[in-house]
1. Measure off, as a whole percent, the carbon and sulfur share of the 1.4 Å-probe accessible area of region 49-89, all protein chains present.
2. Expressed as a whole number of Å, what is the distance separating the alpha-carbon centroids of region 136-153 and region 163-185?
3. Using the heavy atoms of the protein chains alone and a 1.4 angstrom probe, what is the accessible area of region 136-219 per residue in square angstrom?
4. With all pairs of different alpha carbon atoms counted, what Kirkwood hydrodynamic radius in Å does region 34-167 show?
5. With a 1.4 Å probe and all protein chains left in place, how much accessible area per residue does region 38-103 have, in Å²?
6. Treat region 199-241 as a sphere of radius equal to its Kirkwood radius over Cα pairs and apply Stokes-Einstein at 20 °C in a medium of 1.002 mPa s; give the translational diffusion coefficient in µm²/s, rounded to a whole number.
7. If you roll a 1.4 Å probe over region 170-241 with all protein chains in place, what percent of the accessible area is carbon or sulfur?
8. Using DSSP to define loop residues, name the chymotrypsin sites (Phe, Trp or Tyr not before Pro) in region 150-225 whose beta-carbon has at most 12 other beta-carbon atoms within 10 Å.
Amino acid sequence: AVEVRFPRPEPTEELFPDEDGLAGDAIGAGPRKHRRAAARERPVQVCVAHGNLAYARYAVAVGHYAGDTIISAERHLDLALASALTRRHQIGLYPAEIGTNAVFINPKLSANPAASPKGAVVVGLGTVGSLNAASLTRSIRRALLEYAVQWKDFGPREADGDAGQDLGVSALLIGTGAGGIPVDDSVFAMLQAVGAANRALAFAKSAQRIRFVEFIELFEDRAIQAVEALRQLGSQAPLRD
C-alpha cells in the first residue's frame with residue numbers, strides 16, 4: 001500500500017535545427033545566439049494583362065523547347081530586338097534544356113526609356129512532354145537571376161548613373177499549350193521562381209529585386225484562367241506574402 005513516487009524531470013525546450021543552423025553545422029559554425037529579425041520584404045505586385053506583347057511593360061519572359069524554331073511570341077521579340085534572338089540561335093547558343101537561358105536588353109532604351117519591349121528573357125524548357133512545375137521553377141529562377149545581372153550591367157542608367165533596382169517581368173504563361181503544363185502550374189512556377197530569385201539576391205546583399213510580375217496573354221479565356229489561378233494561389237502559405 002506504499003505510494004510509489006517517480007521524480008518528474010524539469011521540462012526542457014526542444015530545439016529543432018532550422019536551415020541556418022544546419023548550414024552552420026556543416027561549416028563548423030555555432031548557432032547564432034541573438035539573431036536580429038530579418039527586415040520584411042515588400043510584396044511583389046502581380047497582375048494579368050489581356051493583350052499582345054506590344055503592351056508589355058517590362059522585359060518579356062518566354063519559354064523555348066529543345067528543337068523548336070523561333071516562332072510566335074519569340075518571333076515578335078526577335079523582330080523588335082533587331083534579330084538578336086535569331087543570331088544566337090544560328091550559332092547554337094540558344095537556350096533549350098532546363099536551366100539554360102538567354103537575356104536580351106533592348107539597346108534602344110539608352111536613348112528612349114519608353115522603348116518597347118524592354119528586352120527578352122528566354123527560358124529553356126527541355127524536351128516537349130518532360131516539363132513539370134518543379135523543373136520550370138528552377139529554369140525560370142536561373143533566368144531571372146541572369147536578367148538581374150544583365151540589367152545591372154547593361155540596363156539603362158538612372159539619374160545617379162546606376163541601373164534601376166526594382167525590376168519587372170512581363171511573362172507569358174510559360175510551358176502551357178500543346179503538351180504543356182496547366183495554367184495554374186505555370187503561374188505557380190513563375191511566382192515561386194520570383195520568390196527564390198529575390199531570396200538569392202537578398203543573400204548576395206544586392207539591392208535588386210523582382211518587384212513586378214505581369215502575366216500577359218493574348219487569348220481572353222487563358223487570361224481568365226490565369227486570374228483564377230492567382231486567386232487560388234494567393235491564399236496559399238508559400239505565396240501569401
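1. 54 percent
2. Region 163-185 and region 136-153 have Cα centres spaced 13 Å from each other.
3. Each residue of region 136-219 exposes 43 Å² on average to a 1.4 Å probe.
4. Hydrodynamic radius (Kirkwood, Cα pairs) of region 34-167 is 16.2 Å.
5. Accessible area per residue, region 38-103: 57 Å².
6. Taking Rh from Cα pairs, D becomes 169 µm²/s.
7. Ligands and nucleic acids excluded, carbon and sulfur reach 56 percent.
8. Passing both the DSSP loop test and the Cβ count: F219.
The values are calculated or read from the model by the stated rules, or taken from the named source; none is laboratory data. Predicted, not measured: the structure shown is a model, and the values here were computed from it. Don't worry about glycine lacking a Cβ; one is built from the backbone with ideal geometry, like all the others, and counts go over all protein chains shown. Accessible surface areas use protein heavy atoms only, side chains included; no ligands, DNA or RNA. Shrake-Rupley method; radii C 1.70, N 1.55, O 1.52, S 1.80 Å.
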